[in-house]
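Working notes for the structure below.
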Amino acid sequence: MPLSGFERRHGELYCEGASLSAIAEKADTPTYVYSGTTILDNYRSYAAALSTLPHEIHYAVKANSSLGILALLAREGAGFDIVSGGELFRVLQAGGDPARVVFSGVGKTRQELVYALEQGTGWFNCESEAELRLLAELASDAGAAPSVALRVNPNVDAQTHPYIATGLSAHKFGIDIAEAERIYRRADEFAPLRLEGVSCHIGSQIFNTQAFFDALDLVLALIERLRDDGANITQLDLGGGLGVAYKPSDTTPVIADYASRLAALLQGRGLKLTLEPGRSIVGQAGVLLTRVLYRKPAATKTFIVVDAAMNDLLRPALYQAHHEIVPVIDRQRPNLRADVVGPVCESGDFLAKDRDMPDVQPGELLAAATAGAYGFVLASNYNARPRAAEVLVEGDRWRIIRDRESLDDLIRGERT
């Protein structure tokens, strides 16, 4: 099963030293469960492999923005990559250092930029000339001189799902390299901003790491041309995007191998490297626990109805994504062809379709694997369903880091 920090003991699934059955007994279902040790191990794999190079690792908050996980990484010394003012607020609440935050994103609002400047955000990745001009105006008003990188679009195909590919000229992200070069040469127009970096992020869930290095070649050539013109480029931001296994047949790129190759290529170039990993840090560290409610036999398959739904885990409906779904208690039993579906009133509400599943019965616990990234963060209250609880496990101890929402939470802030 594509998970880290989880194992079976006498047929029962554990997260580190904690029984998932025991967690479900106290926290109920649906509940997200995360392995803190796995999260830190993945972060440390990046840090160790880059230790010979000036670098910063900025965890991509959009992958999983739970305060407990942000605080865990902040204590480890991580920086953070944000794409909204709300994510910055969450980082600050978790104890993150605003000076080690990079603010990315294609549609930053005036209010978000003002808030980020007020909080002392360390770096801005800008994605258009219009955004640069607005940031320069606001920075001047605030008496600030933030460091800035242009996010360049190298037109490299990351060979991933089209919804999470960002490096082609057809995508909304970044600035064409040729256009970016012209903007860098007019850097004085954007005072007091300090255009000291170049940023590039080509997409997410990438298995062919050569795509990263193809993009790197183009970005390094740009940096050399800019330096020849007198630009003071000292920072290189290569984003994130390293893939993780969702199916047993997937071969996950090794964090240390990828980061070590980057370090070797960038030695002696006078550049500080920033990476923004998200999924590769938290993806395989989490499961979604759910309980079987009913079984509905049909002509060609069985519907296994569970208490988790598309509002809890949207990826299967949004991306047609695969998550392994396994019983928490493993028993000898036959398999059957089944859809694992939730209670939401949509035909698109499924966690798995046409899957060979163990013949599970009502009341049994299931775990949807590789749910640590883009799981809870995409959750909603559709069908007026309270959102799930979240649990963080460290060794044989676990704690709830987000309470299950109540019915009162559903209408907080509303008026009749």
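Looking only at segment 11-29, residues that are buried (at least 16 other Cβ atoms within 10 Å of the Cβ) and either on the phi > 0 side of the Ramachandran plot or outside any helix (DSSP H, G or I) (or both) come to 8 in all. Determine if segment 53-65 includes at least one residue that is among the hydroxyl-bearing types (Ser, Thr, Tyr), modelled with pLDDT of 95 or more and within 26 Å of Leu262 (Cα to Cα). Yes, segment 53-65 contains a residue that is among the hydroxyl-bearing types (Ser, Thr, Tyr), modelled with pLDDT of 95 or more and within 26 Å of Leu262 (Cα to Cα). Candidates are the residues of segment 204-248 that are over 18 Å from the mean Cα position of the chain (by Cα), outside any loop (DSSP other than H, G, I, E, B) and not hydrophobic (A, V, I, L, M, F, W, C); the one that is farthest from Ala369 (Cα to Cα) is Asp228.
Contact map, segment 261-274: residues that are touching a residue at least 60 places away in the same chain (Cβ under 8 Å) paired with residues that are among the polar types (S, T, N, Q) and surrounded by 14 or more Cβ atoms within 10 Å (Cβ to Cβ), Cβ distance under 9 Å, separation 6+ or inter-chain. Pairs shown: Leu271/Thr234; Leu271/Gln235; Lys272/Thr234; Lys272/Gln235; Leu273/Gln235; Thr274/Ser199; Thr274/Gln235. Determine whether segment 210-226 contains at least one residue that is in the same structural domain as Val156 (by TED's automatic domain parsing), touching a residue at least 12 places away in the same chain (Cβ under 8 Å), crowded, with 20+ Cβ neighbours inside 10 Å and farther than 26 Å from Ile82 by Cβ. Among the residues of segment 210-226, not one is in the same structural domain as Val156 (by TED's automatic domain parsing), touching a residue at least 12 places away in the same chain (Cβ under 8 Å), crowded, with 20+ Cβ neighbours inside 10 Å and farther than 26 Å from Ile82 by Cβ, which makes the answer no. Just one residue in the set Asp312, Asp354 is surrounded by fewer than 19 Cβ atoms within 10 Å (Cβ to Cβ), closer than 25 Å to Ala245 by Cα and at pLDDT 95 or above; that residue is Asp354. Among the residues of segment 357-377, those that are in contact with a Phe, Trp or Tyr (Cβ under 9 Å, 6 or more places away or on another chain) and not in a loop (DSSP other than H, G, I, E, B) comprise Ala367, Phe376. Of the candidates Leu378, Leu273, Leu318, the single residue that is among the aliphatic types (A, V, I, L, M), crowded, with 19+ Cβ neighbours inside 10 Å and under 24 Å from Thr252 (Cβ atoms) is Leu273. Taking Thr290 and the conditions (1) on the phi > 0 side of the Ramachandran plot; (2) buried (at least 20 other Cβ atoms within 10 Å of the Cβ), which numbered condition does it fall short on, given that it satisfies the others? Of the numbered conditions (1) on the phi > 0 side of the Ramachandran plot; (2) buried (at least 20 other Cβ atoms within 10 Å of the Cβ), the odd one out for Thr290 is (1).
The single condition from (1) surrounded by fewer than 18 Cβ atoms within 10 Å (Cβ to Cβ); (2) of a type in the set (A, V, I, L, M); (3) farther than 30 Å from Thr209 by Cβ that Ala139 fails is (1). Every condition in (1) at pLDDT below 95; (2) out of contact with any Phe, Trp or Tyr (no Cβ under 8 Å at 6 or more places or on another chain) is met by Pro2 except one, and the failing one is (2). Residues in segment 315-345 that are touching a helix residue (DSSP H, G or I) at 6+ places or on another chain (Cβ under 8 Å), in a loop (DSSP other than H, G, I, E, B) and within 23 Å of Ala245 (Cβ to Cβ): Ala321, His322, His323, Val328.
The values are calculated or read from the model by the stated rules, or taken from the named source; none is laboratory data. The shown structure was predicted, so the numbers you read here are calculated from the model rather than taken from an experiment. As a convention, Cβ positions derive from the backbone with ideal geometry for all residues, glycine included, and neighbour counts pool all protein chains shown.
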